[in-house]
Amino acid sequence: MDKQNSKYRWIVFTAVLFTYFLVVSQRTAPGLITDQLMKDFNVSASTIGLLTSIQFLAYASLQIPIGILSDRYGPNLFLIAGALLNGLGTLIYSFAPNEFVLLVSRSLVGMGDATIWVNLVLILSQWFRVKEFVGLLGLAGMAGSLGFLLATFPFSAWIAHSGWRTPFFTVGVLLVLCGILLYVVLVKQPNKRFKEDNLVTVQTEQKREKTLAMLKRIFSDRQAWATFFCHFGLVGTYVGFIGSWAVPYGMQMYGMTRSEVSQLMMIGLVGAIVGASLTTWIANRLESIKRPYLVVHLVVFVSWAVFLLFSGKPPYFMLIILFFIIGYGNGASALTFAAVRQSFTMREVGVVSGFANTGGFISAILLPSIYGKVLDHFQPVSSGIGYFYGFIIPVLFSILGLMGGFLLREQRRESSKASGLSV
């Protein structure tokens, strides 16, 4: 039976998306306990920035290698290994006695996380037809946003009730179980059901282009760089800020409780859920990725600039709107991979997706660390001056994202016509 016409593909889709949902929750969940970590381990804002950045550094540095290896050897085993690494790192984090162990555990989480999205894109490409792909990519983006949503008020309430170690331990166990589930769903059962498809995959591997030649061609491709900068401007600014400084910002600048800030973050995540589904729908209707994506980048840039306009502390009602819009932009970043899927051949999708994803997480590496140094420089933090200057960073980063939107090419190909999209 053909994989792309089988009912089993929906079991694959569900298992992969549930794992992605849990993995994404652990990208920003540590941001809920920033102040507690500073108190419990007696560390500075710069150290907290490093703690966030090292996770994203591990993630970003592995994106291209994972893309290459997944293109060559298939995505299944890498996705399984990533879930297990993420679970192991989260478990160690829950037991950490000092900041060194915290750093090691977040490195493991970053390494595991590095395998998830690229291989999710490849698995969806293998199991679903082109005309189904873009819509499912929007659903995957929604699953990621729901993962971020879990790491706001629900996780915050859990932490308030049980302390921070128990929630991280529980999620770590669930991620290890997800790794086992993925082995059954992606390897064991398909080997019994789809033997002929596996043989075809092995035979086509022999015809692939040499790695260095492919990398040289991709790294000189304008479209690849456009997707890199698009992700740099949207994803890194959102994830970098939410995952490190959003909670202290709300507590120190607005006098909120941790629970109140987490509810504010939920508004951004609702925006991300809307952005993932609505923007892909608009792109389909317009038969264009570039036009709606440019609008998203422009609006997100203006939103970050508003923080500077109000000296780092806009009115609360405006803060709610800004969080929603910036979250919307993060959700809309699914269009980056729609552009990759429509612009490159299947044997290149993994490595180009990894390259584009690297852009987002280089941004997420730089923002928390630089922001932390700015806050350390402008003491006391409660004065708000540090946050004001800190917001210059996402403004500059979002300009690069806007540049990426302008660099995207509109191309009409047979594959894009099949899905109702042009790139």
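The values are calculated or read from the model by the stated rules, or taken from the named source; none is laboratory data. Owing to the predicted nature of the structure, the values given are computational and were not obtained by experimental measurement. Ideal geometry is used to build each Cβ from the backbone, glycine not excepted, and the neighbour counts take in all protein chains shown. Areas reflect the complete protein model, heavy atoms only, side chains present, ligands, DNA and RNA absent. Shrake-Rupley method; radii C 1.70, N 1.55, O 1.52, S 1.80 Å.
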Which of LYS290/LYS313; LYS188/LYS216; LYS3/LYS210 exceed 31 Å between C-alpha atoms? The answer is LYS290/LYS313; LYS188/LYS216
Correct response: the longest run of the chain lacking exposed trypsin sites (Lys or Arg not before Pro), defined by DSSP loop and at most 10 other Cβ within 10 Å, is 211-423
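With N set to the residue count of region 205-307, report its C-alpha Rg divided by 2.2 N^0.38 Å to two decimal places.
1.46
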Taking Cα atoms, the helix 130-150 axis meets the longest principal axis of the chain at an angle in degrees (rounded to 10) of 30 degrees
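Quick check on region 1-133: what are the equivalent-ellipsoid semi-axes from the Cα gyration tensor, as sqrt(5λ), descending, whole Å? All intermediate terms of the calculation are to be shown ahead of the outcome.
Details: eigenvalues 226, 39, 25 Å².
Value: 34, 14, 11 Å, ordered largest first.
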If every Lys and Arg gets +1 and every Asp and Glu gets -1 at its Cβ, then about the Cα centre the chain yields a dipole, in debye to the nearest 20, of 1080 debye
Taking Cα atoms only, helix 258-286 is inclined relative to the longest principal axis of the chain by an angle, in degrees rounded to 10, of 30 degrees
SASA check, PHE310, accessible area w/ 1.4 Å probe, all protein chains in place, rounded to nearest 10 Å², comes out at 80 Å²
To the nearest 0.05, the calculated FRET efficiency linking ALA213 and ARG409 through their beta-carbon distance, R0 being 25 Å, is 0.70
Under a 1.4 Å probe, counting only protein heavy atoms, ILE180 has an accessible area in Å², nearest 10, of 100 Å²
Excluding ligands, DNA and RNA, the carbon-plus-sulfur percentage of the accessible area of region 364-407 with a 1.4 Å probe reads 77 percent
Residue separation between VAL306 and GLU132 times 0.36 nm, minus their alpha-carbon distance, gives in nm 58.9 nm
For the chain, longest principal axis from Cα atoms; helix 392-407 axis from its Cα atoms; angle between them, nearest 10 degrees, is 20 degrees
So THR257 and ARG222, fully extended at 0.36 nm per residue minus their Cα-Cα distance, gain in nm 8.0 nm
Regression test value, accessible area per residue of the chain, probe 1.4 Å, units Å², expected 39 Å²
Whole-percent carbon and sulfur contribution to the accessible surface of region 39-106 (1.4 Å, no ligands, DNA or RNA) stands at 73 percent
Relative contact order of the chain (C-alpha contacts under 8 Å, at least 6 apart) in percent is 28 percent
Counting only protein heavy atoms with a 1.4 Å probe and every protein chain in place, the carbon and sulfur fraction of the accessible surface of region 231-303 in whole percent equals 66 percent
